[in-house]
Amino acid sequence: MIGLLGILKAGGAYVPLDPDYPQARLEYMLAQSGCHVVLSEHDLMADLPVLSVAKVLPLDAASYDALFGAYSDANVEVADSGVCPTNLAYVIYTSGSTGQPKGVGIVHRNIGRLIYNDFIDYASARTILCAASPSFDAFTFELWGALLHGGRSVLAGAAHGSFGELGRVVDRQGVDCAWLTSSLFNQLIVDSADALKNLRWLLVGGEALSIEHVREGLGRLPQAVLINGYGPTEGTTFSCTYAIREEGLAGRSTVPIGRPLGNTQAYVVDGAGELFAGWRGGRAVPGRSGVGAWVSGPGWPDGGEVCAEPFCSNGGRASVPDGGFGAVVAGRDVGVPGSGGSPGEGARVPD
């Protein structure tokens, strides 16, 4: 975490490398991103020979104490760092549709769009659980949602611990807010809902939500605001959110994805990438769903064409197709299978 903050304050961008990734994937990511310096830990250097292609600084090595101690511990002023809203902040590699990982560049302004929004009340979400890997875009919300609002981010490896341990962390650390994948949420609601009993805010996403588990969660966690957070990595964690209430699920078989965040647009487009016009022959016609949010060209060597590929232009605005399908049913009704609706079955956008 210290290394990550140092990189950003110095005006750089980071590329998270998960030591559990295959060596070939790590090698590709290092080469494709143009990364020349790796901040790591001493014991990982022997386990990851791929790191030999870059200059590695083990932050936990005693030999570097004197080096780091020679620098001022005063905070870096933004004016001195040269950082501006369009500076690249990080690059996350997704699985990609071609078999090779695809780099997605996120700039500082993208993070601001996510964090300075009103889908949760940060005054009552002062302590946020940070259980995601930095290689997963939920980490952006978990870390910066707390730090940029003067709150506290609790680092916990929920993926490697028991449900009981997760509950103890939430209780002991006074966690107000957490984000969970829908699969983990489903397991917790069935087997160990008490682990979440002290949360005020619970965001769920990453894949399609089970309406049955969501309904059970509403009943077992009455103190928490349950939110469906939807969006591709290119949209910086969340593009649309929906605060789930029992009355909003009446008569539904899927959970709505809700409304776009501020400074975000949501579209339904046809197979040619054009904005969907609506009804054809009295029936809803399937189209692709897409979102757009402060799209900016990434700025690292040889990466522009990789990250520009997902973006398309709609009426002079940029959108990021997520590969799903949607349908305009009537007025403001939008369906997205796997996320909150299906062709012919609208997931109404709440007023």
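Among 125-131, 195-201, sorting by the average number of other beta carbon atoms lying within 10 angstrom of each residue, highest first, gives 125-131, 195-201.
In this structure, the amide hydrogen of Ser40, modeled 1.01 Å from its nitrogen in the peptide plane, lies closer than 5 angstrom to those of Leu57, Leu59, counting only residues at least 5 positions away or on a different chain. Determine the distance separating the Cα centre of region 13-49 from the Cα centre of region 129-199; give it in Å without decimals. Measuring centre to centre over Cα atoms gives 26 Å. Between Ala156 and Cys130, Ala131, the built amide H atoms are under 5 Å apart, and every one of these is 5 or more places off in sequence or on another chain. Computed from phi, the 3J(HN,Hα) profile of region 234-244 under the Karplus parametrisation 6.51, -1.76, 1.60 (θ = phi - 60°) reads 4, x, 6, 6, 10, 10, 10, 9, 9, 6, 7 Hz, with x in place of Gly and Pro.
Which percent of the accessible heavy-atom area of region 129-249 goes to carbon and sulfur, probe 1.4 angstrom? Of all accessible area on region 129-249, carbon and sulfur atoms account for 50 percent. Summarising the amide proton neighbourhood of Tyr14: residues at separation of 5 or more, or on other chains, whose placed amide H is nearer than 5 Å comprise Tyr90, Val91. Taking 37 °C and 0.692 mPa s as conditions, region 22-123 diffuses translationally at an estimated 194 µm²/s according to Stokes-Einstein applied to its Kirkwood radius (Cα pairs).
Derived scalar couplings between HN and Hα for region 163-178 equal 4, x, 5, 4, x, 5, 5, 4, 6, 5, 8, x, 5, 9, 9, 8 Hz in order, rounded to whole Hz, by the Karplus curve 6.51 cos²θ - 1.76 cosθ + 1.60 (θ = phi - 60°), x for Gly and Pro. Remark: region 115-130, residue by residue, has Karplus-estimated 3J(HN,Hα) of 7, 8, 9, 10, 6, 9, 9, 5, 5, 10, 10, 7, 10, 10, 5, 10 Hz, where x stands for each Gly or Pro and the curve is 6.51 cos²θ - 1.76 cosθ + 1.60 at θ = phi - 60°. For region 82-118, backbone nitrogen atoms closer than 16 Å to the point 7 Å from Glu27 Cα along Cα-to-C-beta are found at 100-101.
The values are calculated or read from the model by the stated rules, or taken from the named source; none is laboratory data. Since the structure is predicted, the reported quantities are computational estimates derived from the model, not experimental observations. Ideal geometry is used to build each Cβ from the backbone, glycine not excepted, and the neighbour counts take in all protein chains shown. Accessible surface is based on the protein model in full, side chains and every heavy atom, while ligands, DNA and RNA are left aside. Shrake-Rupley method; radii C 1.70, N 1.55, O 1.52, S 1.80 Å.
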